[in-house]
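These notes are about the structure you will find just below.
The values are calculated or read from the model by the stated rules, or taken from the named source; none is laboratory data. None of these values were measured; they are calculated from a predicted model. Don't worry about glycine lacking a Cβ; one is built from the backbone with ideal geometry, like all the others, and counts go over all protein chains shown. For the accessible areas, the whole protein counts, side chains as well, though only heavy atoms, and no ligand, DNA or RNA atoms are used. Shrake-Rupley method; radii C 1.70, N 1.55, O 1.52, S 1.80 Å.
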Amino acid sequence: MAAYAFITMSTSAIDLPKQFEHGPAQERWTAHWLAKNYFHAEPDQNRQPFTIVIPPPNVTGALHLGHALNNTLQDILIRTKRMQGYNALWMPGADHAGIATQAVVEKRLLEEEKTTRHQLGREKLVDRIWQWKETYEKRILQQLQQMGCSCDWNRTRFTLDAVCARAVRHTFFRMFKDRLIYRGKRLVNWDTFLQTAVSDDEVFHETVKGHFWHIRYPIIDPQPGEPEFVSVATTRPETMLGDTAVAVHPDPAAALDRAERELQEKLAGAPQKERADIQKQLDDLAERRQTVLPQLIKLRDMANAGRKVMLPLMQRPISLVADEWAKPELGSGCVKITPAHDPNDYEVGKRRSLPMINILNPDGTLNENAGAYKGLTIKKARVQVVTDLESQGLLERVEDREIEIAHSDRSKTPIEPYLADQWFVKMRDLDDAETAGGSANASVGNALRGVPEAPIGVATPTSPTERHRGRSLQSSGLAQMAMDAVIDGRVQVHPPRYAKSYLDWLGEKRDWPVSRQLWWGHRIPVWRLSDEGASAAESITGIQQQVRALRDKYPEEVSIQSFSSLREAGPSGRQSIMVGDSVCLRGEISSAQAELEALGFVQDPDVLDTWFSSALWPHSTLGWPGPALPSDDSDNESPDWEKLRYFYPTSVLVTSRDIITLWVARMVLTGLYNVGDVPFRQVYIHPKILDAYGETMSKSKGNGIDPLDVIAKFGADALRFGLAHMATETQDVRMPVEFECPHCQKTIEQTQKNRVLPRIKCPQCGQDFSTQWASKPEDTALPRAAVISERFEVARNFCNKLWNASRFVLMNLEGYEPAPVDRRELAVEDRWMLSRLATVTGQVTESLDGYHFADAARALYDFAWDEFCSFYVEMVKTRLSDTESRPVAQHVLAYSLDTLLRLLHPIVPFLTEEVWHLLAEYAPERGLNKLAAPAESIIIAPWPPADATFQNAEIEARFAKFQALLGGLREVRARQNIAPKTAIHFAVRCDSDTVKLLQPMEAYFAAMAGATATAWGTQVQSPALSANFTAAGCEVFVDLAEHIDVAAEIARNEKEVEKLQAHLAAKEKKLANESFTSRAPADVVAREREQLQELRDRLASTAAALADLRKRI
RNA sequence: GGGCGGUUAGUUCAGCGGCUAGAACAGUGCCCUUACAAGGCAAAGGUCGGGGGUUCGAUUCCCUCACCGCCCACCA
């Protein structure tokens, strides 16, 4: 294979570089893997599938470190399962990310070309966004590849591509037909500067000093004893122009009682410092009963009698209504109702059938509904309204108050709540009047709807429950259906605590607003009669008949909903009833569409919420809704159903917690609704990466890390290992961020101050470099600093350690002759290594199965570094230079490295693949009992089994003792400052069992600590001048006749005695405690006793040594 | 306002009822011991955020306070 002919048999392993060159390795193996098509998966009835769909990254920009974590973990799972023999499929793709992407492109447009989308027009803007998408999608896919992600690239999807579009249209159509989609009003965050709606998360709040205005509305024709005014309060007086009612509570006395009860309860459980405050509120409440309540009761009666008040300035009579929204315990107890500009008021308006008057133009000026104030901006209108009210004596008082004002993150201008028509997906039960006549026999929730029978051997998703599910949707709605899947365990969440946020959120069963006032996205497939169409028509009913005829002609393609109950208000404030048919079309190319448009219907200009298409991702990417309709496409041999049936439900979803509600819940919901089964069996929520200050990383803060910078400096393997190493079960992980000076490569800690600067002077070399903020030519001309984190250094060093250990093995495989190994030939360190290898294999396998990535990474790190490198490789060195014992050493060494590489491969793919191929050249056949040629790539090498027959507790115990003694000897050497080359001699006083265990290891003491044993056993005496220590039940005397620093030994022994005494005292106290000895478990007490004895022995021997040393001074 | 997490060595994290609370990095001392100085060996560094409780025993479980963070809701 030419791809790895970079080293030939004639080249010696000694020529391999001393440091792992990650760059070339990454390039080489990425190309190789792609050429070999290892990542491609096709349905295969003989193998179990393991499927992951990628959380599609937004095409708004390049991937950041959070994505790197997310995708690394997915790749670790996929690679592990692939090695374990599963037919592993990882579906890649990207998300169009509606608002976010349109916003970036629009911003660019404005900055670079001073053009707005209105000037450009819909089609051209969408073209521009597609161009952007092409660039960034490509970049994202490259980034994933550079990280080593083993996605099935042939199946790459984009949420706006034709496959996904069909799934969206089919879903929307079904929901529309099932009356799960309806049209309603909703307040949107209107950015008057950009003239667009922005999402909630693009809104930031700023606390500013504002006012609370109390305004009087005159009562019309007040009767004797009735109040002349009703007083209301607002922070936004100009909205009064759109008021259509004033509300008072329908039972103010009861409401006050309830408020009082609540306060009493709160008082009972409140901490001392809050009590005074609550008591004050209670006092206020009592006073209110005297002063406000009688008024409110009167007003309530007036409201019930249909009395009205006069809206000042507009001179418009508006209703006095009784509604629970008005809280008698607050303000005057009455509240103005502006249904078109406040969400709560909108609800009241709906309940009380109030007119809704929109007083705003899209540009934020007042429209004709504002009468004399038309044309003014909100700001000016506010001033004018207040002035006018004051001059009419209707301004009761003005309070200062801090108010929070919503601002658009994009234009930094204040947001206006703006009432707009929106489409919603219904989350609650379907049993209400609106849907009763809908599609009673809609086949909602059938398992794999319309999918042909599955071939034998493939599990049909959940047939026993399908009828039940059909009913459960009918009776309890989409949200409940998705909740049930988690409650009954069809979907399992790891860590389990996150199931709570999922259930809490769905439990609210809020309807899902799915329309967005944007141009980038799936256009809503609904057509309505245009104004032109309506005025050109001879009669509306005539058109309605024609539309119904169209539906009868294409019953599968056309669905109609009538909204005769929709009320909209004209400029006068009078209600008018508008009859509007909304027609939903299923197919993207349909003759029904042409016929409908000929009738004067136009498509809804809005697009669907991004999450609508993301919600379908697991099944849409796997081919749902199946082969295209014959009329659409001639390709009836499409294997789509097979794919869906085989790979769906997917195995696990790996994502971060902030989209559990927005995305995870909705995928479950649509999966159940469309396919009849959950989209994934497991959900793994990984931690979020924060910077050193505990803040979320983001480009807008300047603390974001580009994985490519990390890859360039440390390598993809180090990136991956570092990320896996920190994927613990905690909610967040912190990562200090640094600039790397492009001149001197020194790192500069990133602070909240310097991270926003366009240029920084390197404190090391004094030269300037630029950052992501550079925009001026003099800044951009400077070299840019990479933004990285030192936390990847550990991982990079680990990779290098692995590389060098591999080099060592390769260098010592000269003359390797494949042969099976007789267990009797194994040296003690071989048996130890094989035992440890089996144990670690079990640990790593188990950790990965339970999504404990950090545990797996740590186990491998410790094992590879401390046991394989520091002990096994060191110990095997002697045998390698001995012709007789060399072959077995080589066999076990090759076998061990082989196993270690496989265990590491999912986390560290490039390095392991590189070594795998090198190893294949030196040891083309390996194994202990049975020899076999290694797999042609480690990607498809079988996952190692945890072979319990190699596990050997006796050997592991022997090693523990050996390591303890070795450590003690090294410590003496360090303390006494004895040069490594100078040999030392030691004697060990211990029992005969220990002698048997340790005496055979004499050669290793010599090799690894330059220490020669002179005597073993119970009778061993201390040499005249010695350093001593106790370890593993042995007393060790190091003969220091030639070179002793007596003072150092005395100091050390004194300290040791002190420590032992303190420890001993604590232990004695514990054992003297009768309740401990009688109540604690017997084994715990026994262990304590043993330890006590051991401590006494150690103290005795240390004290003796100390006394001995003192005599020498 | 509701919910969920966190607070352990200078830093980043493990440990989650009982061995003298561990690791890595940084800092310290010694060593270029031919796989690796991105290395080796070793020492030092911690009243486990504060206070209460449960228990023979608490870093670990419960309550509470403080601080930090995240999510959701609301703010006439």
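Odds and ends about this structure:
- Of all the listed residues (A:500, A:509), the sole one being within 16 Å of RNA strand B (Cβ to nearest atom) and either at pLDDT 85 or above or part of a loop (DSSP other than H, G, I, E, B) (or both) is A:509.
- Counting only helices (runs of 4 or more DSSP H) wholly contained in the range A:966-1072, the ones carrying 3 or more residues that are without any contact (Cβ under 8 Å) to a residue 12 or more places away in the chain occupy A:1046-1072.
- Note on the range A:1018-1047: residues that are exposed (fewer than 15 other Cβ atoms within 10 Å of the Cβ) and more than 60 Å from the chain's Cα centre (by Cα) amount to 7.
- If you go through the range A:534-548 and keep only what is within 14 Å of residue A:584 (Cα to Cα) and among the hydrophobic types (A, V, I, L, M, F, W, C), you end up with just A:547.
- Being within 12 Å of RNA strand B (Cβ to nearest atom), open to solvent by 30 Å² or more (accessible area, probe 1.4 Å) and in contact with a Leu (Cβ under 7 Å, 6 or more places away or on another chain) is not true of residue A:1102.
- The residue that is surrounded by the fewest Cβ atoms within 10 Å (Cβ to Cβ), among those in the range A:1072-1089 that are within 23 Å of residue A:1032 (Cβ to Cβ) and more than 9 Å from RNA strand B (Cβ to nearest atom), is A:1086.
- The set of residues from the range A:24-47 being under 16 Å from residue A:78 (Cα atoms) and touching a Leu at 6+ places or on another chain (Cβ under 8 Å) comprises just one member, A:41.
- For the range A:743-787, a residue qualifies if it is under 30 Å from residue A:915 (Cβ atoms) and modelled with pLDDT of 85 or more, and exactly one does: A:786.
- A single entry from A:136, A:86 fulfils the requirement of being free of Cβ contacts under 8 Å to residues at least 40 places away in the same chain, touching a strand residue (DSSP E or B) at 6+ places or on another chain (Cβ under 9 Å) and over 21 Å from residue A:195 (Cβ atoms): A:86.
- Pair list, Cβ under 8 Å, 6 or more apart: the range A:516-542 residue touching a residue at least 12 places away in the same chain (Cβ under 8 Å) and part of a loop (DSSP other than H, G, I, E, B), other residue open to solvent by less than 40 Å² (accessible area, probe 1.4 Å) and among the aromatic types (Phe, Trp, Tyr): A:522/A:612; A:524/A:172; A:524/A:423; A:525/A:172; A:525/A:173; A:530/A:601
- Strands (runs of 3 or more DSSP E) completely within the range A:744-849 that count 1 or more residues being in contact with a helix residue (DSSP H, G or I) (Cβ under 8 Å, 6 or more places away or on another chain) and among the hydroxyl-bearing types (Ser, Thr, Tyr): A:747-749, A:768-770
- Taking the criterion of being open to solvent by less than 20 Å² (accessible area, probe 1.4 Å), over 24 Å from residue A:1007 (Cα atoms) and polar (S, T, N, Q), the only residue of the range A:802-841 that qualifies is A:841.
- Across the range A:699-720, the qualifying residues are those that are open to solvent by 10 Å² or more (accessible area, probe 1.4 Å) and among the acidic types (Asp, Glu), and the one among them that is farthest from RNA strand B (Cβ to nearest atom) is A:706.
- Those residues of the range A:763-780 which are within 22 Å of residue A:693 (Cα to Cα) and open to solvent by less than 50 Å² (accessible area, probe 1.4 Å), in sequence order: A:771
- Lone qualifier among A:358, A:304 - being at pLDDT below 85 and not hydroxyl-bearing (Ser, Thr, Tyr): A:358
- With a requirement of 1 or more residues that are under 23 Å from residue A:259 (Cα atoms) and out of contact with any His (no Cβ under 8 Å at 6 or more places or on another chain), the strands (runs of 3 or more DSSP E) lying completely within the range A:305-384 that satisfy it span A:316-322, A:334-337.
- Considering only residues in the range A:156-172 that are open to solvent by 10 Å² or more (accessible area, probe 1.4 Å) and not aliphatic (A, V, I, L, M), the one that is nearest to residue A:141 (Cα to Cα) turns out to be A:156.
- Some residue of the range A:899-919 being away from RNA strand B (no atom under 16 Å from the Cβ) and more than 23 Å from residue A:31 (Cα to Cα): yes
- Residues of the range A:197-216 classified as open to solvent by less than 20 Å² (accessible area, probe 1.4 Å) and at pLDDT below 80, total: 3
- Subset of the range A:153-175 [under 21 Å from residue A:584 (Cα atoms) and among the aromatic types (Phe, Trp, Tyr)]: A:172, A:173
- The set of residues from the range A:582-610 being within 13 Å of residue A:172 (Cα to Cα) and either open to solvent by 40 Å² or more (accessible area, probe 1.4 Å) or under 34 Å from the mean Cα position of the chain (by Cα) (or both) comprises A:586, A:588, A:607, A:608, A:609.
- Of the candidates A:187, A:256, A:194, the single residue that is away from RNA strand B (no atom under 16 Å from the Cβ) and surrounded by fewer than 23 Cβ atoms within 10 Å (Cβ to Cβ) is A:194.
- Residue within the range A:924-940 that is within 16 Å of RNA strand B (Cβ to nearest atom) and surrounded by fewer than 20 Cβ atoms within 10 Å (Cβ to Cβ) present: no
- For the range A:849-887, filtering for residues that are away from RNA strand B (no atom under 15 Å from the Cβ) and open to solvent by less than 10 Å² (accessible area, probe 1.4 Å) leaves 0.
- In the set (1) touching a strand residue (DSSP E or B) at 6+ places or on another chain (Cβ under 7 Å); (2) modelled with pLDDT under 90; (3) farther than 30 Å from residue A:194 by Cβ; (4) of a type in the set (Val, Ile, Thr), residue A:11 fails one condition alone, (1).
- Among the residues of the range A:312-335, the ones that are near RNA strand B (Cβ under 9 Å from one of its atoms) and open to solvent by less than 10 Å² (accessible area, probe 1.4 Å) come to 3 in all.
- The range A:649-698, subset open to solvent by 10 Å² or more (accessible area, probe 1.4 Å) and part of a loop (DSSP other than H, G, I, E, B), residue farthest from RNA strand B (Cβ to nearest atom): A:649
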